[in-house]
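Report on one structure; see the data block that follows.
Just so you know, all these numbers are worked out from the coordinates, no wet-lab data involved. The structure presented is a predicted model; accordingly, all values stated were derived computationally and were not measured. A quick note on method: Cβ atoms are made from the backbone with ideal geometry, for glycine too, and the neighbour counts reach across all protein chains shown.
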Amino acid sequence: MKGEPFDAARALRWLRQLKKNNDRVWYAAHRATYDEAIRPEWEDLVTALLVSAVRFDERLAYVDPRRCLFRLARDIRFSNDKTPFKTHVSAWLSPFGKSGANAGFYVSVSPGDSHFSAGIYTPEKPALEALRRRMASDPRPFDRILRSKALAPYLPLRTDGLTRMPRGFPKEHPRGELIRARNYLVRRAYSDAEIARKGAFATFREAIRDCAPFVRYIDEVAATDSSAAMREPSDGWDENSSSDHFGPSSSAKF
């Protein structure tokens with residue numbers, strides 16, 4: 001596609017091979033494609049998304065795209081799965097990149113599992129408490145956003161809710177599902193054919209536009225300038241993914 005900063009078809013081909021040969025020997029023999037093409041193009045894509053997204057979410061002005069990128073290397077210290085590399089490229093777009101706890105936008109390209117998600121993932125206690133209080137006292141603005149036509153393709157809302165009502169809220173509160181939430185996330189998956197045909201930039205730019213009101217509302221309620229590291233949403237709440245977390249220990253850097 002003319003003007004597309006990221007060759008998704010090439011990236012998907014390379015990632016499929018990595019998935020079949022997920023070891024350091026194969027990676028060392030084929031890393032030139034990643035280092036010279038896929039990684040810089042992915043950074044270019046994230047840069048372009050940040051620039052285009054400012055019209056929908058002014059919080060993203062002046063964000064360093066390099067701070068949004070997750071590494072390809074997995075943190076295997078606490079995982080039973082010892083494969084050294086992720087089989088997706090990914091980024092978290094928010095005011096502090098992946099090193100902040102603000103609401104934001106997650107983009108990921110992976111063979112058979114490319115997806116976009118938006119919202120706030122495992123918020124810190126003060127932010128989560130603020131969101132729960134707002135949902136209990138005046139959920140109408142949030143309800144209006146959830147009913148919007150633009151957000152429909154990204155629903156249902158994913159909350160990973162508690163089984164019991166948190167302390168301080170009536171057990172039978174009519175908005176119990178929102179109050180018990182541990183995350184406030186929406187998500188949309190894309191086939192390899194969709195990503196290759198439409199292009200990752202157009203696909204994710206449209207998703208950011210559609211979900212920006214949802215993200216801005218959450219951040220207005222729960223805004224924090226925390227420096228807590230962001231885990232990838234796909235690693236935490238996607239039932240089809242591994243449980244590895246982003247971490248600093250690896251010789252192969254993104």
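Distance between the C-alpha centres of region 152-215 and region 34-57: 23 Å, rounded to the whole angstrom.
Which log10 I(q)/I(0) values, to two decimals, does region 32-75 give at q = 0.15, 0.21, 0.26 Å⁻¹ under the Debye formula with one point per Cα? Once normalised to I(0) and log-transformed, intensities are -0.43, -0.71, -0.90. Here residue 66 and residue 10 are evaluated by their C-beta separation; at R0 = 22 Å the FRET efficiency comes out at 0.55. A Gaussian network model of the chain, with springs between Cα atoms under 10 Å, assigns the largest mean-square fluctuation among 36, 206, 177 to 36. From least to most packed, judged by other beta carbons within 10 angstrom and beginning with the fewest, 42, 26 follow the order 26, 42. When the alpha carbon gyration tensor of region 67-112 is reduced to an equivalent ellipsoid, the three semi-axes, largest first, read 22, 14, 8 Å.
When the Cα positions of 87, 130, 212 are compared along the charge dipole of the chain, 130 comes out farthest toward the positive end, with charges on each C-beta of Lys, Arg, Asp and Glu. Restricting region 138-190 to trypsin sites (Lys or Arg not before Pro) that sit in a DSSP loop and have at most 11 other Cβ atoms within 10 Å of their own Cβ leaves 147, 149, 164, 167, 171.
Label-to-label distance, residue 223 versus residue 35, with points set 7 angstrom from Cα along the beta-carbon direction: 4.2 nm. Taking every Cα-Cα distance in the chain and sorting them into 5 Å bins from zero, the calculated P(r) comes out as 1, 6, 13, 18, 19, 17, 12, 8, 4, 2, 1, 0 percent.
Using a Förster distance of 35 Å, how high is the FRET efficiency between residue 21 and residue 150, based on the Cβ-Cβ distance and rounded to 0.05?
Working from the Cβ atoms, E equals 0.30.
Filter the chymotrypsin sites (Phe, Trp or Tyr not before Pro) in region 55-87 to those in DSSP coil with at most 14 other Cβ atoms within 10 Å of their Cβ, and list the result. Of the chymotrypsin sites (Phe, Trp or Tyr not before Pro), the ones in loops of region 55-87 whose Cβ has at most 14 other Cβ atoms within 10 Å are 62, 78. For the listed residue pairs 19/86; 20/82; 98/149; 19/98, the alpha carbons are over 20 angstrom apart in 98/149; 19/98.
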